[in-house]
Amino acid sequence: VEARVCIVGFGHVGRHLARLLLEQEQALRAQFDLAVRVTGVASRRMGFQTDPGGLDLAALLADRWELRHGFSSDRVASWLEEARATALIELSSLDPHTGEPATTHLRAALRTGCHGITANKGPLVHAYDDLAGLARASGVAFRFEAATCDCVPVYSLFREALPLARLTGFRGLVNNTTSVILETIERGGTFAQGVVEAQSRGVAESDPSHDVDGFDSTVKLLAIARVLMGVPLRLEDVERVGIRELDPDVVVRAARGGTPMRLVASLARDGGVVRARVAPTALAAHDPFARLDAMALALHFETDILPGLTLVGHGLDARSTAYGVLCDLVNVARGR
Ligand SMILES: NC(=O)c1ccc[n+]([C@@H]2O[C@H](COP(=O)([O-])OP(=O)(O)OC[C@H]3O[C@@H](n4cnc5c(N)ncnc54)[C@H](OP(=O)(O)O)[C@@H]3O)[C@@H](O)[C@H]2O)c1
């Protein structure tokens, strides 16, 4: 089988994906008889790089490319055609308020009969129904496993391993930056030192407000509610409290008492409605989340059939996100 892939966005995740494709080339052939050819890579800076015969990924990773065609979201459909792509991998930056331009790029792919794969949460929150409907109508797949928790399997878990199970509740530690900051404060450090620590571990942006104010966790929660509960919540439907205003003494005392404070994201069915909340919470001493390393991501699912299931991912980073994207690509290419 040959997959011809176009990638929009060649930042941390896009570059890790390119490296993984080079590293795993033999394994993909040996295990799945799959040859992945990257026939297009695009970003605002790179414009459209296209070669239906396959681009040289090592050269792109070494920043050896020439700008021939400037990038424009309107031209993604014709680019996919020119690159003879069978799948678009969308890895441009997140705009949590609009889900654009990723949604426009994915729409162009799904309409023209390409599979659409993304690590971007925006399209899930703003256009999930539309994109899933387009994929069904075109007989292709729309996949987004890496959008919520890097490569921790969330959506494929429910789709493949747990058919019929209805998600009734969710609780998660889905943001490392806030866990690292709180852990730093527990050890006697300041909030600002916690931010620096999170940046040095590669989990926080130079402006960490999205993480600190609970916005990142909120968008992840919306994606899970939309896809796994079928509930289209909006950003303003989530009760959101960040960790900025937390009193350091409270954080230190909670940790000493064995009930550490962490930013918990949760969904609960309450009659006909789903309540969504992101807030600093003291974890009970017997809570398995209470003993986790700050770099872990944890998700606990409650379903109508299976009462409880917890997943914990350790040591995740942009490479793990790229691996989640690669998993989507492999599964789509082999018809899963
Ligand atoms: N890093 C992670 O661990 C992680 C985890 C989960 C999900 N994600 C998601 O994965 C996506 C990529 O993340 P990243 O860390 O790789 O980001 P990044 O390093 O900032 O790279 C973003 C890429 O997108 C391109 N881009 C930005 N705006 C664009 C636009 N309007 N049109 C076309 N290209 C555009 C940028 O290049 P130009 O500036 O040249 O356009 C750059 O190549 C994001 O949606 C992010 O939320 C990341």
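Scanning the range 93-136 for residues that are of a type in the set (G, A, S), buried (at least 24 other Cβ atoms within 10 Å of the Cβ), within 9 Å of the ligand (Cβ to nearest atom) and not in a helix (DSSP H, G or I) turns up just one, A119. So, V325, is that one part of a helix (DSSP H, G or I), surrounded by 15 or more Cβ atoms within 10 Å (Cβ to Cβ) and in contact with a Leu (Cβ under 6 Å, 6 or more places away or on another chain) or not? Spelling it out, V325 is indeed part of a helix (DSSP H, G or I), surrounded by 15 or more Cβ atoms within 10 Å (Cβ to Cβ) and in contact with a Leu (Cβ under 6 Å, 6 or more places away or on another chain).
In the range 277-303, the residues that are more than 23 Å from A204 (Cβ to Cβ) form Cβ pairs under 7 Å with partners that are of a type in the set (K, R), at six or more places apart or across chains, as follows: H300/R171; T303/R166.
Kindly indicate the residue of the range 34-88 that is free of Cβ contacts under 8 Å to residues at least 60 places away in the same chain and of a type in the set (S, T, Y) and also surrounded by the most Cβ atoms within 10 Å (Cβ to Cβ) among those meeting that condition.
Our first condition is that a residue be free of Cβ contacts under 8 Å to residues at least 60 places away in the same chain; within the range 34-88, this holds for 35, 37-75, 77-78, 81-82.
Next, from what is left, pick out any that are of a type in the set (S, T, Y): 39, 43, 50, 72-73, 78.
On the way: T39: 23, S43: 18, T50: 19, S72: 13, S73: 18, S78: 12.
Once the filter is applied, the top-ranked residue is T39.
On inspection, A165 passes the criterion of being among the hydrophobic types (A, V, I, L, M, F, W, C), surrounded by fewer than 21 Cβ atoms within 10 Å (Cβ to Cβ) and touching a strand residue (DSSP E or B) at 6+ places or on another chain (Cβ under 8 Å).
A short reminder: the numbers here are calculations on the coordinates, not readings from a lab. Note that the structure is predicted; figures quoted are calculated from it, not measured. Here the Cβ is made from the backbone with ideal geometry for all residues, glycine too, and neighbour counts use every protein chain on show.
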